[in-house]
Protein chains: 2
Amino acid sequence: MKKAKDKNTEEQILSAAKSIFQSKGMDGARMQEIADKAGINKAMLHYYYRSKQLLFEAVFKNAFSLLAPQLNAILNDDSSIEEKVRNFTSNYITFISKHPYLPNFIIQELNRNPEFILNMKDTNGFPNIEKFKKQVAIEIENGLIKPITAEQLFINIMALNIFPFVAKPLIMAFTNTDAIAYKKIMDSRKTEVADFIINSIKNN
Amino acid sequence: MKKAKDKNTEEQILSAAKSIFQSKGMDGARMQEIADKAGINKAMLHYYYRSKQLLFEAVFKNAFSLLAPQLNAILNDDSSIEEKVRNFTSNYITFISKHPYLPNFIIQELNRNPEFILNMKDTNGFPNIEKFKKQVAIEIENGLIKPITAEQLFINIMALNIFPFVAKPLIMAFTNTDAIAYKKIMDSRKTEVADFIINSIKNN
DNA sequence: ACATGGTTTAACCAAGTGGTTAACAAATGT
DNA sequence: ACATTTGTTAACCACTTGGTTAAACCATGT
């Protein structure tokens, strides 16, 4: 069972690397720690991934490939804006509870190295706003929603959904909430955020 | 002029440390790089600040002390919620343009070490939501705004204002905007974000 | 049985890392 | 004038870092 074993090790490495890189970042992560977590020799990391940088890139791309479909649900789905806002808000908050480090990891590493996203831009499935722009224009023309640019609306949707997870420690301190109370607040947001957005843009 | 010279060196160190720590984070920053930027010997860093950790804490507290008053403008000012939202949104975006690394730095380091904010919580001027909670309750009771918890409203205000700077590289990629176009979008937000929030919560 | 190929390991390495030291320079107090 | 304190430097140190190497291991094909 050469191939089975081999595949297993490679996956074990990636899984350990994910865990370490996503919680400590590129600079804070140590190859030795990843090896320990994977239960293998440090040399194996280099055998399978050549360098810290390449291992990191594998982890980053993997993380990004989880986030991208979520955003495409807003940008490329065919339902109405209202439906998309409601679905996304509900789904995203559930999604992130399973991957709590993900948004922070992506944002942090992209700020450390903004050019890095260019590598990813031509992979297919990369979120792009063009289709959403047309939809917003049409719904405004039809009087369904108030005038707003697609960019601003998209930023607002992202901000309201993602930020509470990214800034969790900060918000917890300001609002005097513990982990349990915070979880409840996030749960409420599954519907409240959608209402907040739709309240603001919908014509009545 | 011992004191003058001495003060000058200390400030030079702090200024260099700010620049390095805020762009590279605790883990990515190198003491040698900070010394070089300050134009002094590496040993001086330890002479004035003992350790990397303490120098970092000085930088962090300094950064936090810049951000806190901004948030207190929302939480503790006496004007109406609508006025506060309009003022904050306009002021904050201007403020952050002068300190672009600041929100990211604080958020990133707080996620790396969430207990760290506890040190800061009992310094006076630390943003606290209690007064704001009362104000929200009153304005709801008076029929000025629709029902919403103070926590949710506060999170929404922070999210809409801060997130676009934190996630800048990500948003730029998705919306196909360059630095100049992005700056323009941020400028529009000075009023648009306030309208967006008020539209959503105001009774009419 | 044996050669072959990929897999795994322990030991190693050069280049940094934060931090210290001891000597020197400059200012201050007396 | 001289001793003392404070500021500054170059050289150094122990330790960690990512990465390499050469030898061993082990499943397979012949």
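The values are calculated or read from the model by the stated rules, or taken from the named source; none is laboratory data. Small disclaimer: the values here were computed from a predicted structure and weren't measured. No Cβ is skipped: glycine too gets one built from the backbone with ideal geometry, and neighbour counts run over all protein chains shown. Accessible surface areas use protein heavy atoms only, side chains included; no ligands, DNA or RNA. Shrake-Rupley method; radii C 1.70, N 1.55, O 1.52, S 1.80 Å.
Quick one: in segment A:1-11, of everything that is within 15 Å of A:Y47 (Cβ to Cβ) and within 8 Å of DNA strand D (Cβ to nearest atom), which residue is modelled with the lowest pLDDT? Looking at residues that are within 15 Å of A:Y47 (Cβ to Cβ) and within 8 Å of DNA strand D (Cβ to nearest atom), I get A:K2. Residues that are more than 7 Å from DNA strand D (Cβ to nearest atom) and open to solvent by 50 Å² or more (accessible area, probe 1.4 Å) within segment A:38-50 comprise A:G39, A:N41, A:M44, A:Y47, A:Y48, listed in sequence order. If the condition is being more than 9 Å from every other protein chain (Cβ to nearest Cβ) and over 19 Å from the mean Cα position of the chain (by Cα), then segment A:188-204 contributes A:T191, A:K202, A:N203, A:N204. From the list A:Q70, A:Q53, the lone residue that is modelled with pLDDT of 95 or more, of a type in the set (S, T, N, Q) and surrounded by 13 or more Cβ atoms within 10 Å (Cβ to Cβ) is A:Q70. Selection over segment A:57-67 of residues that are away from chain B (no Cβ under 13 Å) and within 16 Å of DNA strand D (Cβ to nearest atom) gives a count of 3. Screening A:P114 with (1) in a helix (DSSP H, G or I); (2) modelled with pLDDT under 95; (3) not charged (D, E, K, R) gives one miss only, at (1). Taken over segment A:148-167, the criterion of being open to solvent by 10 Å² or more (accessible area, probe 1.4 Å) and either of a type in the set (D, E, K, R) or in contact (Cβ under 8 Å) with a residue 40 or more places away in the chain (or both) is satisfied by A:I148, A:E151, A:F165.
Could you check segment B:79-108 and list, in sequence order, the residues that are among the small types (G, A, S) and modelled with pLDDT under 95?
Filtering segment B:79-108 for residues among the small types (G, A, S) gives B:79-80, B:90, B:97.
If the condition is that a residue be among the small types (G, A, S) and modelled with pLDDT under 95, then B:S97 is the only one that fits.
All of B:Q70, B:Q53 fail the test of being within 22 Å of B:S15 (Cα to Cα), within 16 Å of DNA strand D (Cβ to nearest atom) and either assigned to a helix (DSSP H, G or I) or out of contact with any Lys or Arg (no Cβ under 9 Å at 6 or more places or on another chain) (or both), apart from B:Q53. Of note, A:R86 satisfies the criterion of being more than 9 Å from DNA strand D (Cβ to nearest atom), basic (K, R) and away from every other protein chain (no Cβ under 14 Å).
Have a look at A:N76, A:N62 and point out the one that is at pLDDT 95 or above and within 25 Å of B:N104 (Cα to Cα). Explain how you work it out, then say what you get.
Details: A:N76 fails: within 25 Å of B:N104 (Cα to Cα).
Every option except A:N62 fails the conditions.
Of the residues contained in segment B:126-144, one or more are found to be assigned by TED's automatic domain parsing to the domain that holds B:P103, in a loop (DSSP other than H, G, I, E, B) and among the aromatic types (F, W, Y). Restricting attention to segment B:124-131, does a residue exist that is buried (at least 16 other Cβ atoms within 10 Å of the Cβ), under 29 Å from A:S200 (Cβ atoms) and more than 12 Å from chain A (Cβ to nearest Cβ)? The answer is no, given that none of the residues of segment B:124-131 is buried (at least 16 other Cβ atoms within 10 Å of the Cβ), under 29 Å from A:S200 (Cβ atoms) and more than 12 Å from chain A (Cβ to nearest Cβ).
Could you please find all residues in segment B:91-123 being among the acidic types (D, E), facing chain A (nearest Cβ under 10 Å) and more than 21 Å from A:I185 (Cβ to Cβ)? Of everything in segment B:91-123, just one residue is among the acidic types (D, E), facing chain A (nearest Cβ under 10 Å) and more than 21 Å from A:I185 (Cβ to Cβ), namely B:E109.
Listed conditions (1) more than 20 Å from B:V193 (Cα to Cα); (2) free of Cβ contacts under 8 Å to residues at least 12 places away in the same chain are all met by A:I171, apart from (1). Taking segment A:12-37 as the range and being under 26 Å from the mean Cα position of the chain (by Cα), open to solvent by 40 Å² or more (accessible area, probe 1.4 Å) and either at pLDDT below 95 or near DNA strand D (Cβ under 9 Å from one of its atoms) (or both) as the test, the residues that pass are A:D27, A:R30, A:E33.
Checking the structure you have, find out if any residue of segment B:27-50 is touching a strand residue (DSSP E or B) at 6+ places or on another chain (Cβ under 8 Å) and more than 16 Å from DNA strand C (Cβ to nearest atom).
Let us first name the residues in segment B:27-50 that are touching a strand residue (DSSP E or B) at 6+ places or on another chain (Cβ under 8 Å), namely none.
No, segment B:27-50 has no match at all.
Sort through B:I185, B:I148 and tell me the only one that's more than 30 Å from B:M26 (Cα to Cα), within 12 Å of chain A (Cβ to nearest Cβ) and not in a helix (DSSP H, G or I).
Working: B:I185 fails: not in a helix (DSSP H, G or I).
Selected residue: B:I148, the only one of B:I185, B:I148 that is more than 30 Å from B:M26 (Cα to Cα), within 12 Å of chain A (Cβ to nearest Cβ) and not in a helix (DSSP H, G or I).
Could we say that A:A58 is open to solvent by less than 40 Å² (accessible area, probe 1.4 Å) and either within 15 Å of DNA strand C (Cβ to nearest atom) or over 19 Å from A:I162 (Cβ atoms) (or both) here?
yes
Evaluate the following for B:E139: is it of a type in the set (D, E, K, R) and away from chain A (no Cβ under 12 Å)?
Details: of a type in the set (D, E, K, R): yes; away from chain A (no Cβ under 12 Å): yes.
When the stated conditions are applied, B:E139 passes them.
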